[in-house]
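Student: Handing you a structure now.
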Amino acid sequence: MSDPVVVPATASSPSYLSGLNDAQRRAVEAVDGPVLVLAGAGTGKTRVLTTRLAHILATRRAWPSQLCAVTFTNRAATEMRERLGRMIGESAEGMWLGTFHAIAARILRRHAEVVGLKQNFTILDSDDQIRLIKQVATAFNIDDKRSPARAILGAIERWKDRGLTPDKVPTAEAGDLANGKMIEFYAAYQDRLRALNAADFGDLLLHDLTIFTTREDILADYQDRFRYMLVDEYQDTNVAQYLWLRLLAQKHRNLCCVGDDDQSIYSWRGAEIGNILRFEKDFAGAQIIRLEQNYRSTPHILAAASALIAQNEGRLGKTLWTEEGEGEKVTLRGMWDGDEEARWVGDEIETLQRAGQKLADIAILVRAGFQTREFEERFLTLGLPYRVVGGLRFYERQEIRDAMAYLRLIHQSADDLAFERIINVPRRGIGTSTMQTLHGLARAREMSLNDATQDLIGTDELKPAARRALGSFLTDLQRWRGLADTVSHPELAAQVLDESGYTAMWQADKSPDAPGRLENLKELVAAMAEFESLAGFLDHVSLVMENTADKSDDMVSLMTLHGAKGLEFNNVFLPGWEEGLFPHQRAMDETGLKGLEEERRLAYVGITRARRRAFVSYAANRRIHGQWQSALPSRFVGELPAAHIETTAEPGLYPRAPPLQESWGATFRNRMNEVPRLTVTPRKSTGGIAIGDRIFHQKFGYGIVRSAEGGKLAIAFEKAGDKMVMDSFVEKA
C-alpha cells in the first residue's frame, strides 16, 4: 500500500474541530510522536479520541488499515466507530479498532502456528478454564480443598497479566499452591491448551508477545503497518498490554495514550498505574497534554474532588475547573448508625423526587457490596424502585441463596429445593447418580428428599462413600435443628456456615470476588438480628424476593464505586465513609500506602460521578458480625475542603473529635493519628433513672430498664437483647 498524502492545513478549520477547547484541539492535532493525554473526569476524552482519528484520516496521514485504536470494552469501540462515521461521513472499514483482546486475537489467528496452535483455535471461557485446571490437578494428584481450581487459575492469570510464560516465572513465586509445583502446573496447563487447540483470554496477549519476540519479521510487519496507535483508559493497562503496545509502536512512535492517573482503581485485576506515571521515561520526547476543563460537575464538587486527590503522592497532577454555575456545596452528614444512614438517604431521595428529580438521575455508590442490603430494605419499605447495577440484589446473590438454603432446610426439613441446592455445597462427593437414586425413592414413596436420604443410608443402595457423606450431612442438620431452640438465630446461622465448611470454602477461594462474598455472609448474619426468630426472618426474605420492582426505567441505581467508573448522575450518595470500610482495611493491610492511594482515587471517582449534588455520609456505629462496633469517620472526610462542604453531624456524635469548622479538616487529620479507635466516653451519671424508663446507649441503642443495683442497670435493648451496663453510659430517651 502506498503512503497516504498529507493534506496541508487550510485557513478555515474543518467542521469536526469546531467546539473543541484549546487543550482538546492540541490533543487532536498533536499527531506526530508519542502523546499522553491526561483526561480528567468529565473532560471529553471520548470526543478527543474520536476526533483525533477523524483528523488523521481526513488529512490523509494514514489509511484506515494503518490505524490501531484500542479500547477496554466492546461498547466503547462500537461507540467510537459510530461517532467516527457521523463525524467525517466515511466508513472506518479496515481500521484495527477494538479491545486489547479482540485485536490480539486477530493477530494470533494469523500466526497461530508460531505458538503451536491452528488458526481455528478455541477461546475458552472461565468455566472451561476451571474444568481444564481440574483435569490437570487430577494428573498432579492435587487436593482441591488445599489448592482450589479458582486459586490456581488466579495465580496463572496474574502471571499472564505480567507477560510471563512458564519458563520466565521466578522460582521464588512458586508458592504453596499445587503442592509447591505451580510453575510445573502452569507449564502442563499450557501444554494441555495446545493439545486442545485452545487459548484462554490471557493467552491472546501472551502468545502475541511470544510471536513478536521470536519472529522479528512478523513484528516488523505490524510495526510498519500501524502508523498511528491510540489507546483509551491507559491507566488500566497491565504489564502484558504495556509490553504489547511498546513493541508495536517502536518504529513510527506515533502512540497516543489517553487516561487519568487519578482514576486508576483496578490494581486487583492487574492494572499497573506505573504504566501511565512513567510514560515520559518510556517514550522520550513525549508530549503531555492535560484536559482539565470539566463539562459534568459544579465547581463545589470539583473543588472537593481535587482537594481530596491532591493528597496522593503518586500522580502527575492536574486541576479540574468548569464554567458551570456555582451550584450546591457537597453535603457531609454524620449519623449514629447504618440504619439511620439508610433512612436519611431514603428521605433525601424522596425530597429530590418531590422537587422533580427523576430516580434514574440518582445513584448510591458503596465501597463494598454488602452495604447495599440496608438501602434495599429501606427502599422496599418506602416503595422506591431501584436497581443493583453490575450485580444482583442482595438476597439474589449466590452465597446468600446458599446460606438461606441451609437455614430453610433447618427450619423445614421437607424443603426439597433447599436440599438440592446445598447437598453438595461445599463438595461432599454427592454425584448425579446418588441424587437420581434419592429422587427415585422420594417420588415412589411421596416423601421429602431429607426423609428419603434417611431411609437410604441404612441400605446398600448407595456407595459407602456417598452413604457416609449423606449420613454426616443429616447428622449435622439434626444437630443444628436442636441448636435452634437453645441459641439465637444469628448465632445459629454463623455456626451453620462455619461447621458446614461453607465459610471455609470461600476463604480458600482466591478469586477477586471471594472477600466480597464473605462480607455479604457477615452482613446476612447481622441482618438476622433485626428479627425475632428464624421463621420471621425467612418470611421477610420470601416477601423481599416476591417484591416486583417497578418495571419502568425510572429507578434509583445502587452499585459499587468500582462499577460506577464511566457513569454520571445528577445526584450521587456516597455512604459509609468510615475508617476500615473506606478506605478499606484489607487494601491498606495488603499494599500499604499504595493501597491507600488507590482507595483515595476510588473516592475521587465517586465524587466526580455527580453532576449537580454529592452527599457524603458516615456513621458512628456499624453492626459487624452481628455486633455493634464504633467507627471513626474516614480520613478522606478530613481531607474535604471546608469551604466547599456543608457539614451536619449530630451533637456529641464524636466527643473526642473537634467541632466541624473552618480548620476542621487539618485538625481532624492530626487527631486521626492520636485516636485509632473511637471509644464510648462515660458521662457523669444523670441520676433519676428508674425501672421501666426508656433509655439510649451509644453502642446498644434504645432499651427499657428492668432492674438497677449499685450503678449497674439490667436493660432489655430493642436490638441488642439483654445487657448489663453502667448507668453513666446511658441517658433517658
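The values are calculated or read from the model by the stated rules, or taken from the named source; none is laboratory data. A quick note: this is a predicted structure, and the numbers were derived from the prediction, not measured. Because the Cβ atoms are built from the backbone with ideal geometry, glycine has one as well, and the counts that use them run over all protein chains shown. When the accessible area is computed, the model is the full protein with side chains, heavy atoms only, and any ligands, DNA or RNA have been set aside. Shrake-Rupley method; radii C 1.70, N 1.55, O 1.52, S 1.80 Å.
Student: Just subtract the alpha-carbon distance of ALA504 and SER433 from 0.36 nm times their residue separation and send over the number in nm, one decimal.
Tutor: 22.9 nm
Student: Also, I was wondering about something else. Using a 1.4 angstrom probe on the protein heavy atoms only, could you order ARG387, ARG601, ARG623 from most to least accessible area?
Tutor: Ranked from most to least accessible, the order is ARG387, ARG623, ARG601.
Student: Convex hull over the alpha-carbon atoms of the chain: what's its volume per residue in Å³?
Tutor: With only Cα atoms used, the chain gives 205 Å³ per residue.
Student: Same structure again: Place the peptides 607-614, 634-641, 76-83 in order of packing, highest mean first, counting for every residue the other Cβ atoms within 10 Å and averaging per peptide.
Tutor: Per-residue Cβ counts within 10 Å, averaged per peptide and sorted highest first, yield 607-614, 634-641, 76-83.
Student: Hey, any idea what % of the chain's accessible area is carbon plus sulfur with a 1.4 Å probe?
Tutor: Its accessible area is 48 percent carbon and sulfur atoms.
Student: Under a Cβ-Cβ cut-off of 11 Å, what is the net charge of the residues other than ALA286 that fall near it, where Lys and Arg count +1 and Asp and Glu count -1? Show your work: numbers first, answer last.
Tutor: Numbers: positive: ARG253, ARG278, LYS281; negative: GLU280, ASP282.
For residues surrounding ALA286, the net value is +1.
Student: Let me ask something additional. Mind pulling the angle between the C-alpha long axis of helix 585-607 and the longest principal axis of the chain? Nearest 10 degrees, somewhere in 0 to 90.
Tutor: Around 70 degrees separate the two axes.
Student: Additional query: Order the peptides 131-143, 506-518, 400-412 from the highest to the lowest mean number of other Cβ atoms within 10 Å of their residues. Could you put the intermediate results ahead of the total?
Tutor: Details: 131-143: 15.1, 506-518: 17.1, 400-412: 20.8.
The densest-packed peptide leads the list: 400-412, 506-518, 131-143.
Student: As I understand it, the dipole of region 235-346 uses +1 on the Cβ of Lys and Arg and -1 on the Cβ of Asp and Glu, about the Cα centre. Which of TYR266, ASN238, TRP336 lies farthest toward its positive end?
Tutor: ASN238
Student: So what does TRP321 come to for accessible area, using a 1.4 Å probe and Å² rounded to 10?
Tutor: 110 Å²
Student: Where nothing but the Cβ of Lys and Arg (+1) and of Asp and Glu (-1) is charged, how large is the charge dipole of region 50-107 around its Cα centre, in debye to the nearest 20?
Tutor: 120 debye
Student: On to the next question. Please give, to one decimal in nm, the separation of the simple spin-label points placed at ALA414 and LYS134, each 7 Å out from Cα toward the Cβ.
Tutor: It is 3.4 nm.
Student: Turning to a different aspect of this structure: If packing is taken as the mean number of other Cβ atoms within 10 Å per residue, what is the order of 590-600, 571-581, highest first?
Tutor: 571-581, 590-600
Student: Once label points are set 7 Å from the Cα along Cα→Cβ at both ALA172 and ASN141, what is their separation, rounded to one decimal in nm?
Tutor: Here the answer is 3.1 nm between the modelled labels.
Student: Each label point is 7 Å from the Cα along the Cα-to-Cβ direction; what then is the distance between the points at ASN197 and GLU590, in nm?
Tutor: With each label placed 7 Å out from Cα toward Cβ, I get 3.9 nm.
Student: Along the charge dipole of region 287-370, Cβ charges K/R +1 and D/E -1, which of SER297, THR319, LEU365 sits furthest on the positive end?
Tutor: THR319
Student: Moving on to the next point. How much FRET efficiency would the formula 1/(1 + (r/R0)^6) give for ARG269 and ASP224, where r is the Cβ-Cβ distance and R0 is 35 Å, rounded to 0.05?
Tutor: My answer for the efficiency is 0.60.
Student: Using a Förster radius of 25 Å, what is the FRET efficiency between GLU79 and LYS358 based on their Cβ-Cβ separation? Nearest 0.05, please.
Tutor: According to the calculation, E is roughly 0.60.
Student: In deg cm²/dmol and to the nearest 500, what is the mean residue ellipticity at 222 nm of the chain if only DSSP H runs of at least 4 residues count, each as -39500 (n - 2.57), divided by the residue total?
Tutor: Result for the chain, helices only: -13500 deg cm²/dmol.
Student: How much length would be gained if the chain were fully extended between ASP476 and THR648, taking 0.36 nm per residue of separation minus their Cα-Cα distance, in nm to one decimal?
Tutor: So the chain would gain 56.9 nm between ASP476 and THR648.
Student: I need to check one value: relative contact order of the chain, counting alpha carbon pairs closer than 8 Å and at least 6 residues apart, in percent.
Tutor: 14 percent
Student: While we're on this one: What are the ³J(HN,Hα) couplings of region 508-516, residue after residue, when phi is run through the Karplus curve with 6.51, -1.76, 1.60 and θ = phi - 60°? Round to Hz, x for glycine and proline.
Tutor: Taking θ as phi minus 60°, the curve returns 7, 6, 9, 5, x, 8, 4, x, x Hz for region 508-516.
Student: Leaving out ligands and nucleic acids, and using a 1.4 Å probe, what accessible area per residue does the chain come to in Å²?
Tutor: Values: 32710 Å² over 733 residues.
Each residue of the chain exposes 45 Å² on average to a 1.4 Å probe.
Student: Putting +1 on Lys and Arg Cβ atoms and -1 on Asp and Glu Cβ atoms, find which of VAL31, ILE410, LEU474 reaches farthest to the positive end of the dipole of the chain.
Tutor: Projecting each Cα onto the dipole axis, the largest value belongs to VAL31.
Student: Place a +1 charge on the Cβ of each Lys and Arg in the chain and a -1 charge on the Cβ of each Asp and Glu, then give the dipole magnitude about the Cα centre in debye, rounded to the nearest 20.
Tutor: Dipole about the Cα centre, nearest 20: 1140 debye.
Student: Report, in debye and to the nearest 20, how large the dipole of region 92-132 comes out about its Cα centre when Lys and Arg carry +1 and Asp and Glu carry -1 on their Cβ. Don't skip to the answer; put the middle values down first.
Tutor: Numbers: 5 positive and 5 negative charges, 34 e Å.
Here region 92-132 has a charge dipole of around 160 debye.
Student: Could you work out how far helix 239-248 tilts from the main Cα principal axis of the chain, as a 0 to 90 degree angle to the nearest 10?
Tutor: 10 degrees
Student: Would you please name the GluC sites (Glu not before Pro) within region 338-434 that are DSSP coil residues with at most 10 other C-beta atoms within 10 Å of their C-beta?
Tutor: The qualifying sites: there are none.
Student: I'd like the accessible area for SER126: 1.4 Å probe, protein heavy atoms, all chains in place, Å² to the nearest 10.
Tutor: Around 70 Å² of this residue is reachable by solvent.
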